[in-house]
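J.: Take this structure, written in C-alpha coordinates, and hold onto it; I'll ask about it next.
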Amino acid sequence: MGEYILPTVDLLQKELLLFASMCFILGAIDDVIFDLVWMTHSIKRKLFIYTRHNRVVVDQLPRSDDDKPLAIFVPAWREAAVIGAMLRRCIDQWSNRNYRIYVGCYPNDGQTIAAVAAAAKDASHIRMVICDHAGPTSKADCLNRLWRALCQDENLEAISYKAVILQDAEDLVHSNALDLFAYLIDRASLVQIPVIPRRAARSIWVAGHYGDEFAEMHGKQMVLREALGVSMPSAGVGCAFRRDELRQLSTVTQGKPFDATSLTEDYEIGLQLTQGRARGIFARLKDRQGQWVATQEFFPENLDDAIRQKSRWMMGIALSGWDRLGWQRCWRENWMRYRDRKASFAALVLAVAYFVMILTGFLYGLELSGLYQPRPISDLLKTMLIINGSFLTWRLILKGYFVFSLYGLREAFLSVPRTVIANIINIMAARRALFQYLKSLAGVAPKWEKTAHFHPQAADVRQLKTTGTVANHE
(Lines give C-alpha, C1' and ligand atoms only; values in the text may rest on other atoms or scores of the structure.)
Protein backbone atom coordinates (compact mmCIF):
# COMPACT_ATOMS: atom_id res chain seq x y z
CA MET A 1 0.00 0.00 0.00
CA GLY A 2 2.92 2.33 0.74
CA GLU A 3 4.06 2.16 -2.85
CA TYR A 4 0.85 3.95 -3.84
CA ILE A 5 0.53 6.40 -0.96
CA LEU A 6 3.94 8.06 -1.26
CA PRO A 7 3.72 8.68 -5.03
CA THR A 8 0.25 10.12 -4.46
CA VAL A 9 1.60 12.44 -1.75
CA ASP A 10 4.44 13.40 -4.09
CA LEU A 11 2.01 14.20 -6.91
CA LEU A 12 -0.25 16.17 -4.56
CA GLN A 13 2.71 18.21 -3.37
CA LYS A 14 3.72 19.13 -6.93
CA GLU A 15 0.17 20.00 -8.02
CA LEU A 16 -0.57 22.12 -4.97
CA LEU A 17 2.79 23.83 -5.31
CA LEU A 18 1.96 24.70 -8.91
CA PHE A 19 -1.48 26.00 -7.91
CA ALA A 20 -0.17 28.15 -5.06
CA SER A 21 2.71 29.49 -7.17
CA MET A 22 0.39 30.54 -9.98
CA CYS A 23 -2.03 32.26 -7.58
CA PHE A 24 0.79 34.08 -5.83
CA ILE A 25 2.20 35.34 -9.12
CA LEU A 26 -1.17 36.67 -10.26
CA GLY A 27 -1.76 38.37 -6.92
CA ALA A 28 1.77 39.77 -6.83
CA ILE A 29 1.42 41.28 -10.31
CA ASP A 30 -1.61 43.20 -9.09
CA ASP A 31 0.31 44.36 -6.00
CA VAL A 32 3.34 45.47 -8.00
CA ILE A 33 1.18 47.44 -10.45
CA PHE A 34 -0.45 49.15 -7.46
CA ASP A 35 2.98 49.87 -5.95
CA LEU A 36 4.26 51.36 -9.20
CA VAL A 37 1.21 53.60 -9.56
CA TRP A 38 1.69 54.78 -5.97
CA MET A 39 5.39 55.44 -6.58
CA THR A 40 4.59 57.42 -9.72
CA HIS A 41 2.05 59.47 -7.78
CA SER A 42 4.50 60.09 -4.91
CA ILE A 43 7.38 61.07 -7.20
CA LYS A 44 5.10 63.39 -9.17
CA ARG A 45 4.03 65.19 -6.00
CA LYS A 46 7.61 65.55 -4.78
CA LEU A 47 8.88 66.90 -8.10
CA PHE A 48 6.03 69.14 -9.16
CA ILE A 49 4.19 70.13 -5.97
CA TYR A 50 6.49 70.06 -2.95
CA THR A 51 9.31 71.76 -4.88
CA ARG A 52 7.02 74.77 -5.35
CA HIS A 53 4.97 74.66 -2.16
CA ASN A 54 5.96 73.90 1.41
CA ARG A 55 4.15 71.06 3.12
CA VAL A 56 1.34 72.46 5.22
CA VAL A 57 1.14 71.53 8.88
CA VAL A 58 -2.21 71.42 10.64
CA ASP A 59 -1.41 74.52 12.71
CA GLN A 60 -1.23 76.57 9.49
CA LEU A 61 -4.74 75.73 8.33
CA PRO A 62 -7.12 78.68 8.46
CA ARG A 63 -10.19 78.44 10.62
CA SER A 64 -13.30 77.26 8.84
CA ASP A 65 -15.81 79.94 7.88
CA ASP A 66 -18.56 77.63 9.10
CA ASP A 67 -18.38 77.56 12.90
CA LYS A 68 -21.12 74.98 13.43
CA PRO A 69 -20.39 72.46 16.20
CA LEU A 70 -18.93 69.02 15.60
CA ALA A 71 -20.48 65.86 17.03
CA ILE A 72 -18.30 62.97 18.15
CA PHE A 73 -20.01 59.58 18.39
CA VAL A 74 -18.52 57.05 20.83
CA PRO A 75 -20.38 53.71 21.19
CA ALA A 76 -19.62 52.11 24.55
CA TRP A 77 -20.51 48.59 25.60
CA ARG A 78 -18.49 47.35 28.58
CA GLU A 79 -15.92 50.11 28.21
CA ALA A 80 -15.68 51.12 31.88
CA ALA A 81 -11.94 50.45 31.95
CA VAL A 82 -11.11 52.92 29.18
CA ILE A 83 -13.96 55.34 28.46
CA GLY A 84 -13.36 57.67 31.40
CA ALA A 85 -9.74 58.37 30.55
CA MET A 86 -10.58 58.88 26.87
CA LEU A 87 -13.31 61.42 27.63
CA ARG A 88 -11.22 63.36 30.14
CA ARG A 89 -8.36 63.52 27.67
CA CYS A 90 -10.65 64.96 25.00
CA ILE A 91 -12.09 67.55 27.40
CA ASP A 92 -8.61 68.64 28.51
CA GLN A 93 -7.18 69.10 25.02
CA TRP A 94 -10.26 70.57 23.29
CA SER A 95 -11.11 73.32 25.78
CA ASN A 96 -11.63 75.99 23.12
CA ARG A 97 -13.39 73.90 20.45
CA ASN A 98 -17.07 73.85 19.51
CA TYR A 99 -18.15 70.22 19.85
CA ARG A 100 -20.21 67.69 21.77
CA ILE A 101 -19.37 64.06 22.52
CA TYR A 102 -22.30 61.66 22.29
CA VAL A 103 -21.57 58.48 24.25
CA GLY A 104 -23.88 55.53 23.63
CA CYS A 105 -24.38 53.30 26.69
CA TYR A 106 -26.68 50.38 27.46
CA PRO A 107 -29.14 50.07 30.37
CA ASN A 108 -27.60 46.75 31.47
CA ASP A 109 -24.04 48.11 31.61
CA GLY A 110 -23.97 50.03 34.87
CA GLN A 111 -20.18 50.20 35.15
CA THR A 112 -19.79 51.99 31.82
CA ILE A 113 -22.67 54.34 32.68
CA ALA A 114 -20.97 55.20 35.97
CA ALA A 115 -17.63 55.82 34.26
CA VAL A 116 -19.21 58.11 31.67
CA ALA A 117 -21.23 59.94 34.32
CA ALA A 118 -18.06 60.55 36.36
CA ALA A 119 -16.23 61.93 33.35
CA ALA A 120 -19.23 64.05 32.33
CA LYS A 121 -19.54 65.69 35.73
CA ASP A 122 -19.18 69.46 35.22
CA ALA A 123 -18.41 68.79 31.52
CA SER A 124 -21.07 70.27 29.26
CA HIS A 125 -19.42 68.81 26.16
CA ILE A 126 -20.41 65.22 27.05
CA ARG A 127 -23.89 63.86 26.39
CA MET A 128 -24.61 60.32 27.56
CA VAL A 129 -27.29 58.51 25.57
CA ILE A 130 -28.86 55.29 26.85
CA CYS A 131 -29.86 52.83 24.14
CA ASP A 132 -33.45 51.67 23.97
CA HIS A 133 -32.68 48.02 24.68
CA ALA A 134 -30.16 45.92 26.53
CA GLY A 135 -26.75 45.26 25.06
CA PRO A 136 -24.81 44.09 23.36
CA THR A 137 -25.99 45.11 19.92
CA SER A 138 -24.03 45.94 16.80
CA LYS A 139 -21.95 49.10 16.70
CA ALA A 140 -24.20 50.45 13.95
CA ASP A 141 -27.28 50.01 16.14
CA CYS A 142 -25.67 52.11 18.86
CA LEU A 143 -24.57 54.73 16.32
CA ASN A 144 -28.14 55.01 15.03
CA ARG A 145 -29.33 55.71 18.57
CA LEU A 146 -26.75 58.47 18.86
CA TRP A 147 -27.91 59.85 15.53
CA ARG A 148 -31.47 60.10 16.84
CA ALA A 149 -30.22 61.91 19.94
CA LEU A 150 -28.30 64.37 17.77
CA CYS A 151 -31.37 65.09 15.62
CA GLN A 152 -33.48 65.61 18.76
CA ASP A 153 -30.93 68.05 20.19
CA GLU A 154 -30.84 70.00 16.94
CA ASN A 155 -34.62 70.43 17.06
CA LEU A 156 -34.75 71.33 20.75
CA GLU A 157 -31.76 73.67 20.76
CA ALA A 158 -32.23 75.15 17.27
CA ILE A 159 -28.67 74.26 16.26
CA SER A 160 -27.18 72.41 13.33
CA TYR A 161 -24.11 70.23 13.51
CA LYS A 162 -21.47 70.40 10.84
CA ALA A 163 -20.13 66.85 10.92
CA VAL A 164 -20.29 63.55 12.79
CA ILE A 165 -16.96 62.10 13.88
CA LEU A 166 -16.56 58.44 14.89
CA GLN A 167 -14.19 57.39 17.65
CA ASP A 168 -13.81 54.33 19.88
CA ALA A 169 -13.77 54.33 23.65
CA GLU A 170 -10.03 53.72 23.98
CA ASP A 171 -8.78 56.07 21.26
CA LEU A 172 -5.94 58.52 21.71
CA VAL A 173 -7.17 61.43 19.61
CA HIS A 174 -4.79 64.17 18.47
CA SER A 175 -5.41 67.61 19.95
CA ASN A 176 -5.62 69.18 16.47
CA ALA A 177 -7.96 66.58 15.00
CA LEU A 178 -11.07 68.75 15.37
CA ASP A 179 -9.38 71.66 13.62
CA LEU A 180 -8.48 69.41 10.71
CA PHE A 181 -11.97 67.92 10.46
CA ALA A 182 -13.66 71.32 10.71
CA TYR A 183 -11.56 72.72 7.86
CA LEU A 184 -11.67 69.77 5.45
CA ILE A 185 -15.26 68.63 5.90
CA ASP A 186 -16.35 71.76 4.01
CA ARG A 187 -14.67 70.22 0.96
CA ALA A 188 -15.69 66.55 1.19
CA SER A 189 -18.36 64.12 2.27
CA LEU A 190 -15.87 62.10 4.30
CA VAL A 191 -12.56 62.99 5.92
CA GLN A 192 -10.40 60.14 7.23
CA ILE A 193 -7.18 60.67 9.18
CA PRO A 194 -4.59 57.91 9.70
CA VAL A 195 -5.11 55.21 12.31
CA ILE A 196 -1.91 54.29 14.12
CA PRO A 197 -1.94 51.04 16.12
CA ARG A 198 -0.02 51.03 19.36
CA ARG A 199 0.88 48.00 21.43
CA ALA A 200 1.92 47.07 24.91
CA ALA A 201 5.62 46.28 25.24
CA ARG A 202 4.81 42.58 25.69
CA SER A 203 2.64 42.38 22.54
CA ILE A 204 5.35 42.07 19.93
CA TRP A 205 3.71 39.60 17.58
CA VAL A 206 -0.10 39.61 17.53
CA ALA A 207 -0.69 43.28 18.32
CA GLY A 208 2.46 44.22 16.44
CA HIS A 209 1.20 42.87 13.12
CA TYR A 210 -1.62 45.45 13.12
CA GLY A 211 0.99 48.19 13.10
CA ASP A 212 2.65 46.61 10.05
CA GLU A 213 -0.64 46.41 8.16
CA PHE A 214 -1.91 49.88 8.98
CA ALA A 215 1.46 51.48 8.28
CA GLU A 216 1.22 50.27 4.69
CA MET A 217 -2.55 50.65 4.36
CA HIS A 218 -2.65 54.26 5.54
CA GLY A 219 0.73 55.15 4.09
CA LYS A 220 0.04 53.88 0.59
CA GLN A 221 -3.34 52.33 -0.16
CA MET A 222 -5.60 55.08 1.18
CA VAL A 223 -3.34 57.73 -0.33
CA LEU A 224 -3.67 56.20 -3.79
CA ARG A 225 -7.42 55.65 -3.45
CA GLU A 226 -7.87 59.37 -2.97
CA ALA A 227 -5.50 60.14 -5.87
CA LEU A 228 -7.48 57.82 -8.18
CA GLY A 229 -10.72 59.58 -7.26
CA VAL A 230 -12.55 56.43 -6.18
CA SER A 231 -14.85 55.91 -3.20
CA MET A 232 -13.12 55.80 0.15
CA PRO A 233 -13.95 53.44 3.02
CA SER A 234 -13.85 54.82 6.52
CA ALA A 235 -11.87 53.09 9.23
CA GLY A 236 -14.63 53.48 11.83
CA VAL A 237 -12.44 55.78 13.94
CA GLY A 238 -10.73 59.04 13.10
CA CYS A 239 -13.32 59.76 10.41
CA ALA A 240 -15.76 62.62 9.92
CA PHE A 241 -18.97 62.50 7.87
CA ARG A 242 -20.62 65.68 6.67
CA ARG A 243 -23.87 66.19 8.54
CA ASP A 244 -26.07 66.95 5.51
CA GLU A 245 -24.77 63.86 3.69
CA LEU A 246 -25.79 61.65 6.62
CA ARG A 247 -29.20 63.34 6.66
CA GLN A 248 -29.75 62.54 2.98
CA LEU A 249 -28.72 58.94 3.59
CA SER A 250 -31.04 58.65 6.59
CA THR A 251 -34.03 59.76 4.52
CA VAL A 252 -33.79 56.55 2.48
CA THR A 253 -32.92 54.30 5.43
CA GLN A 254 -35.83 55.14 7.76
CA GLY A 255 -33.71 57.47 9.88
CA LYS A 256 -30.90 54.94 10.35
CA PRO A 257 -27.84 55.97 8.33
CA PHE A 258 -25.70 53.19 9.81
CA ASP A 259 -26.71 49.72 8.65
CA ALA A 260 -27.19 47.55 11.72
CA THR A 261 -27.27 44.38 9.60
CA SER A 262 -23.73 44.98 8.33
CA LEU A 263 -20.62 43.61 10.05
CA THR A 264 -18.55 46.46 8.62
CA GLU A 265 -20.90 49.44 8.63
CA ASP A 266 -17.99 51.89 8.68
CA TYR A 267 -16.53 50.48 5.47
CA GLU A 268 -19.89 50.47 3.70
CA ILE A 269 -21.05 53.94 4.70
CA GLY A 270 -17.73 55.37 3.56
CA LEU A 271 -18.19 53.87 0.10
CA GLN A 272 -21.82 55.00 -0.05
CA LEU A 273 -21.04 58.62 0.83
CA THR A 274 -18.01 59.02 -1.45
CA GLN A 275 -19.07 57.22 -4.61
CA GLY A 276 -19.89 59.00 -7.84
CA ARG A 277 -19.20 62.73 -7.75
CA ALA A 278 -18.90 62.91 -3.96
CA ARG A 279 -15.42 63.27 -2.56
CA GLY A 280 -13.51 61.62 0.23
CA ILE A 281 -10.29 63.03 1.68
CA PHE A 282 -7.57 61.02 3.34
CA ALA A 283 -5.76 63.67 5.37
CA ARG A 284 -2.10 63.02 6.20
CA LEU A 285 -0.90 66.15 7.97
CA LYS A 286 1.54 66.71 10.79
CA ASP A 287 1.62 69.27 13.56
CA ARG A 288 4.45 71.67 14.36
CA GLN A 289 6.20 68.99 16.42
CA GLY A 290 6.30 66.68 13.40
CA GLN A 291 3.67 64.29 14.75
CA TRP A 292 0.92 62.88 12.56
CA VAL A 293 -2.58 64.14 13.24
CA ALA A 294 -3.97 60.66 13.71
CA THR A 295 -6.04 58.41 15.93
CA GLN A 296 -3.96 56.01 17.99
CA GLU A 297 -5.45 52.94 19.58
CA PHE A 298 -4.56 49.55 20.97
CA PHE A 299 -5.53 46.52 18.92
CA PRO A 300 -6.06 42.94 20.20
CA GLU A 301 -3.00 41.37 21.73
CA ASN A 302 -4.13 37.74 21.90
CA LEU A 303 -4.73 35.33 19.04
CA ASP A 304 -8.42 34.60 19.64
CA ASP A 305 -9.44 38.27 19.70
CA ALA A 306 -7.39 39.03 16.58
CA ILE A 307 -8.98 36.13 14.69
CA ARG A 308 -12.50 37.23 15.67
CA GLN A 309 -11.83 40.79 14.57
CA LYS A 310 -10.18 39.82 11.30
CA SER A 311 -12.95 37.31 10.49
CA ARG A 312 -15.55 40.06 10.96
CA TRP A 313 -13.60 42.29 8.56
CA MET A 314 -13.28 39.50 5.99
CA MET A 315 -16.91 38.50 6.30
CA GLY A 316 -18.17 42.07 6.04
CA ILE A 317 -15.84 43.34 3.30
CA ALA A 318 -14.75 40.38 1.18
CA LEU A 319 -17.72 37.99 1.39
CA SER A 320 -21.04 39.60 2.30
CA GLY A 321 -19.70 42.94 1.07
CA TRP A 322 -19.55 41.45 -2.43
CA ASP A 323 -23.27 40.62 -2.19
CA ARG A 324 -24.27 43.89 -0.55
CA LEU A 325 -22.24 46.40 -2.57
CA GLY A 326 -21.58 44.60 -5.84
CA TRP A 327 -19.45 46.22 -8.53
CA GLN A 328 -19.46 49.54 -10.38
CA ARG A 329 -18.95 50.64 -13.98
CA CYS A 330 -15.70 52.48 -13.22
CA TRP A 331 -12.58 50.29 -13.65
CA ARG A 332 -10.70 52.20 -10.95
CA GLU A 333 -13.51 51.63 -8.49
CA ASN A 334 -13.70 47.93 -9.33
CA TRP A 335 -9.92 47.61 -9.01
CA MET A 336 -10.07 48.93 -5.45
CA ARG A 337 -13.04 46.73 -4.55
CA TYR A 338 -11.26 43.72 -5.99
CA ARG A 339 -8.25 44.51 -3.83
CA ASP A 340 -10.50 44.83 -0.77
CA ARG A 341 -12.18 41.49 -1.47
CA LYS A 342 -9.24 39.34 -2.44
CA ALA A 343 -8.03 39.02 1.16
CA SER A 344 -10.12 35.93 1.93
CA PHE A 345 -9.03 34.09 -1.21
CA ALA A 346 -5.41 35.07 -0.56
CA ALA A 347 -5.66 33.57 2.92
CA LEU A 348 -6.96 30.30 1.49
CA VAL A 349 -4.05 30.19 -0.98
CA LEU A 350 -1.69 30.85 1.93
CA ALA A 351 -3.20 27.87 3.75
CA VAL A 352 -2.48 25.71 0.69
CA ALA A 353 1.08 27.04 0.58
CA TYR A 354 1.75 26.21 4.22
CA PHE A 355 0.31 22.74 3.70
CA VAL A 356 2.65 22.30 0.73
CA MET A 357 5.57 23.31 2.95
CA ILE A 358 4.61 20.54 5.39
CA LEU A 359 4.40 18.01 2.56
CA THR A 360 7.75 19.20 1.19
CA GLY A 361 9.39 18.75 4.57
CA PHE A 362 7.86 15.29 4.90
CA LEU A 363 9.11 14.20 1.46
CA TYR A 364 12.55 15.69 2.11
CA GLY A 365 12.78 13.71 5.33
CA LEU A 366 11.95 10.52 3.47
CA GLU A 367 14.59 11.35 0.88
CA LEU A 368 17.27 11.89 3.54
CA SER A 369 16.37 8.59 5.19
CA GLY A 370 16.48 6.74 1.86
CA LEU A 371 12.87 5.58 2.13
CA TYR A 372 11.58 7.43 -0.91
CA GLN A 373 12.96 9.44 -3.81
CA PRO A 374 10.58 12.33 -4.74
CA ARG A 375 10.19 13.34 -8.35
CA PRO A 376 12.27 16.38 -9.29
CA ILE A 377 10.58 19.76 -9.62
CA SER A 378 10.01 20.84 -13.22
CA ASP A 379 11.93 23.76 -14.72
CA LEU A 380 8.68 25.70 -15.05
CA LEU A 381 7.94 25.29 -11.36
CA LYS A 382 11.50 26.28 -10.43
CA THR A 383 11.11 29.46 -12.46
CA MET A 384 7.80 30.22 -10.79
CA LEU A 385 9.35 29.73 -7.35
CA ILE A 386 12.18 32.13 -8.21
CA ILE A 387 9.66 34.71 -9.41
CA ASN A 388 7.62 34.32 -6.25
CA GLY A 389 10.74 34.65 -4.15
CA SER A 390 11.53 37.94 -5.88
CA PHE A 391 7.99 39.22 -5.36
CA LEU A 392 8.12 38.22 -1.68
CA THR A 393 11.39 40.07 -1.19
CA TRP A 394 9.89 43.16 -2.81
CA ARG A 395 6.82 42.94 -0.60
CA LEU A 396 8.85 42.60 2.62
CA ILE A 397 11.13 45.51 1.68
CA LEU A 398 8.22 47.78 0.89
CA LYS A 399 6.37 46.84 4.06
CA GLY A 400 9.56 47.41 6.04
CA TYR A 401 9.86 50.87 4.51
CA PHE A 402 6.42 51.94 5.72
CA VAL A 403 6.92 50.38 9.15
CA PHE A 404 10.30 52.09 9.47
CA SER A 405 8.77 55.44 8.50
CA LEU A 406 6.24 55.17 11.31
CA TYR A 407 7.82 53.09 14.06
CA GLY A 408 11.57 52.96 13.45
CA LEU A 409 14.21 50.41 12.48
CA ARG A 410 13.54 47.80 15.18
CA GLU A 411 9.88 47.42 14.23
CA ALA A 412 10.82 47.33 10.54
CA PHE A 413 13.03 44.28 11.17
CA LEU A 414 10.34 42.68 13.33
CA SER A 415 7.81 43.13 10.51
CA VAL A 416 9.58 40.36 8.56
CA PRO A 417 8.97 37.48 11.01
CA ARG A 418 5.62 39.04 11.96
CA THR A 419 4.50 38.32 8.40
CA VAL A 420 4.22 34.65 9.38
CA ILE A 421 2.05 35.56 12.37
CA ALA A 422 -0.13 37.76 10.17
CA ASN A 423 -0.52 34.91 7.67
CA ILE A 424 -1.59 32.47 10.38
CA ILE A 425 -4.13 34.95 11.77
CA ASN A 426 -5.51 35.65 8.30
CA ILE A 427 -5.79 31.94 7.47
CA MET A 428 -7.70 31.16 10.65
CA ALA A 429 -9.86 34.28 10.22
CA ALA A 430 -10.66 33.37 6.61
CA ARG A 431 -11.73 29.87 7.67
CA ARG A 432 -14.02 31.34 10.34
CA ALA A 433 -15.42 33.97 7.97
CA LEU A 434 -16.12 31.39 5.29
CA PHE A 435 -18.13 29.20 7.68
CA GLN A 436 -20.07 32.25 8.86
CA TYR A 437 -20.79 33.25 5.28
CA LEU A 438 -22.03 29.77 4.37
CA LYS A 439 -24.32 29.86 7.41
CA SER A 440 -25.66 33.24 6.30
CA LEU A 441 -26.53 31.76 2.91
CA ALA A 442 -28.55 29.16 4.79
CA GLY A 443 -30.49 31.90 6.58
CA VAL A 444 -28.46 32.27 9.80
CA ALA A 445 -27.84 35.97 10.35
CA PRO A 446 -24.18 36.69 11.13
CA LYS A 447 -23.48 37.90 14.65
CA TRP A 448 -21.67 41.19 15.19
CA GLU A 449 -18.80 40.50 17.60
CA LYS A 450 -17.35 43.39 19.54
CA THR A 451 -13.59 43.91 19.81
CA ALA A 452 -12.46 44.04 23.42
CA HIS A 453 -10.79 47.40 24.07
CA PHE A 454 -8.01 47.94 26.56
CA HIS A 455 -5.43 50.53 27.48
CA PRO A 456 -2.18 49.33 29.08
CA GLN A 457 -0.50 51.35 31.75
CA ALA A 458 1.86 54.00 30.37
CA ALA A 459 4.89 52.14 31.72
CA ASP A 460 3.93 49.06 29.70
CA VAL A 461 3.48 50.86 26.39
CA ARG A 462 6.06 50.36 23.70
CA GLN A 463 7.48 53.80 23.01
CA LEU A 464 7.19 54.61 19.34
CA LYS A 465 9.55 56.59 17.19
CA THR A 466 9.02 60.25 18.07
CA THR A 467 11.12 62.07 15.51
CA GLY A 468 8.35 63.05 13.12
CA THR A 469 5.88 60.23 13.58
CA VAL A 470 3.71 59.29 16.50
CA ALA A 471 2.76 61.59 19.33
CA ASN A 472 2.74 60.30 22.89
CA HIS A 473 -0.51 61.54 24.39
CA GLU A 474 -0.17 59.75 27.66
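The values are calculated or read from the model by the stated rules, or taken from the named source; none is laboratory data. Bear in mind the structure is a predicted one, so any value in this text is a computation, not a measurement. Positions of Cβ are backbone-derived with ideal geometry, glycine not excepted, and every protein chain shown enters the neighbour counts. Note: accessible area is taken over every heavy atom of the protein model, side chains too, but ligands, DNA and RNA are not part of it. Shrake-Rupley method; radii C 1.70, N 1.55, O 1.52, S 1.80 Å.
J.: Mind giving me the FRET efficiency for Ala134 and Gln248? R0 is 35 Å, r the Cβ-Cβ distance, nearest 0.05 is fine.
T.: Step by step, r from the Cβ atoms, then E = 0.65.
J.: Also: Write out the trypsin sites (Lys or Arg not before Pro) in the stretch 243-282 meeting two conditions: DSSP loop, and at most 12 other Cβ atoms within 10 Å of their Cβ.
T.: In loop regions of the stretch 243-282 (DSSP not H, G, I, E or B), the sparsely surrounded trypsin sites (Lys or Arg not before Pro) are Arg277.
J.: Let me know the whole percent of all Cα-Cα pairs from the chain that are separated by more than 28 Å.
T.: For the chain, the share of Cα pairs beyond 28 Å comes to 55 percent.
J.: Extending each Cα 7 Å along its Cβ direction at Leu381 and Phe435, get the distance between those two points in nm, one decimal.
T.: The modelled label-to-label distance comes out at 3.2 nm.
J.: Could you give the size of the charge dipole of the chain about its Cα centre, using +1 on the Cβ of each K and R and -1 on the Cβ of each D and E, expressed in debye and rounded to the nearest 20?
T.: It works out to roughly 840 debye.
J.: Toward the positive end of the charge dipole of the stretch 267-395, about the Cα centre and with charges on Cβ (Lys, Arg +1; Asp, Glu -1), which of Ile281, Ala351, Leu381 goes farthest?
T.: The Cα lying farthest towards the positive end belongs to Ile281.
J.: Return the ratio Rg/(2.2 N^0.38 Å) for the stretch 133-201, where Rg is computed over Cα atoms only.
T.: Normalised Rg, Cα atoms only: 1.37.
J.: Taking all protein chains as present, what is the carbon and sulfur share of the accessible area of the stretch 221-283, in % to the nearest whole number, probe 1.4 Å?
T.: It is 44 percent, rounded to a whole number.
J.: Among all the lysines, which ones have a C-alpha under 21 Å from Lys68's C-alpha, if same-chain residues fewer than 8 places away are not counted?
T.: Lys162
J.: Under 8 Å for C-alpha pairs, at least 6 residues apart: give me the relative contact order for the chain, rounded to a whole percent.
T.: RCO, the chain: 20 percent.
J.: So, one more: Quote the FRET efficiency, to the nearest 0.05, computed for Val56 versus Asp31 with a Förster distance R0 of 25 Å and r equal to the Cβ-Cβ distance.
T.: E(calc), rounded to 0.05, equals 0.20.
J.: Continuing with this model, one more query. Can you give the angle from 0 to 90° between the axis of helix 409-441 and the longest principal axis of the chain, with both taken from C-alpha atoms, to the nearest 10?
T.: Helix 409-441 sits roughly 90 degrees off the main axis of the chain.
J.: Can you tell me the orientation of helix 331-369 relative to the chain, as the angle in degrees between its alpha-carbon axis and the longest Cα principal axis, to the nearest 10?
T.: The answer is roughly 40 degrees.
J.: A further question on this structure: Could you work out the helix-only [θ] at 222 nm for the chain, with each DSSP H run of four or more residues adding -39,500 (n - 2.57) and the total divided by the number of residues, to the nearest 500 deg cm²/dmol?
T.: -18000 deg cm²/dmol
J.: Still on this structure, I have one more. With a/c under 1.5 counting as rounded, go ahead and sort the stretch 250-352 into rounded, prolate or oblate using the C-alpha gyration tensor (a ≥ b ≥ c being the square roots of the eigenvalues; past the cut-off, prolate if a/b is larger than b/c, else oblate).
T.: Note, shape of the stretch 250-352 comes out rounded.
J.: Something else: If you take the charge dipole of the chain about its Cα centre, with +1 on Lys and Arg Cβ and -1 on Asp and Glu Cβ, which of Val237, Tyr364, Ser405 is farthest toward its positive end?
T.: The one lying farthest along the dipole's positive direction is Ser405.
J.: Using the crude model of +1 on Lys and Arg Cβ and -1 on Asp and Glu Cβ, and no other charge, please compute the dipole size for the stretch 247-395 relative to its Cα centre, in debye to 20.
T.: Roughly 720 debye, rounded to the nearest 20.
J.: Still on this structure, please answer the following. What is the antiparallel percent of DSSP beta bridges lying wholly in the chain, to the nearest 5?
T.: Of the beta bridges lying entirely in the chain, close to 35 percent run antiparallel.
J.: Rounded to the nearest 0.05, what FRET efficiency do Asp66 and Thr261 have when you use their Cβ-Cβ distance and R0 = 30 Å?
T.: For Asp66 and Thr261, the calculated efficiency is 0.35.
J.: How far is helix 2-48 tilted off the main Cα axis of the chain, in degrees rounded to 10, range 0 to 90?
T.: With both axes taken from Cα atoms, the answer is about 40 degrees.
J.: Quickly work out the Ala85-to-Glu154 label distance, labels modelled 7 Å from Cα along the C-beta direction, and quote it in nm with one decimal.
T.: 3.5
J.: Now for a separate question. Using 0.36 nm times the number of residues separating Ala118 and Phe19, minus their current alpha carbon distance, what extension gain do you get?
T.: 29.8 nm
J.: Report, in listed order, any pair from Lys220/Lys399; Lys342/Lys382; Lys46/Lys220; Lys399/Lys450; Lys256/Lys310 with a Cα-Cα distance greater than 19 Å.
T.: Lys342/Lys382; Lys399/Lys450; Lys256/Lys310
J.: Could I have the simple spin-label model distance between Arg187 and Ser95, label points 7 Å from Cα toward Cβ, reported in nm to one decimal?
T.: Reported label-point gap for Arg187 and Ser95 is 3.1 nm.
J.: Another question, then. In the stretch 85-168, what trypsin sites (Lys or Arg not before Pro) fall in a loop by DSSP, with at most 10 other Cβ atoms inside 10 Å?
T.: Lys121
J.: Can I ask one more? Mind running the shape call on the stretch 13-143? Use the C-alpha gyration tensor, a ≥ b ≥ c as the square roots of the eigenvalues: rounded below 1.5 for a/c, prolate if a/b tops b/c, oblate otherwise.
T.: Since a/c reaches 1.5 but b/c is at least a/b, the shape of the stretch 13-143 is classed as oblate.
J.: Could I ask something else about it? Under the 0.36 nm per residue contour assumption, what length would be gained going from the current alpha-carbon distance of Glu367 and Asn334 to full extension?
T.: Gain in length upon complete extension: 7.1 nm.
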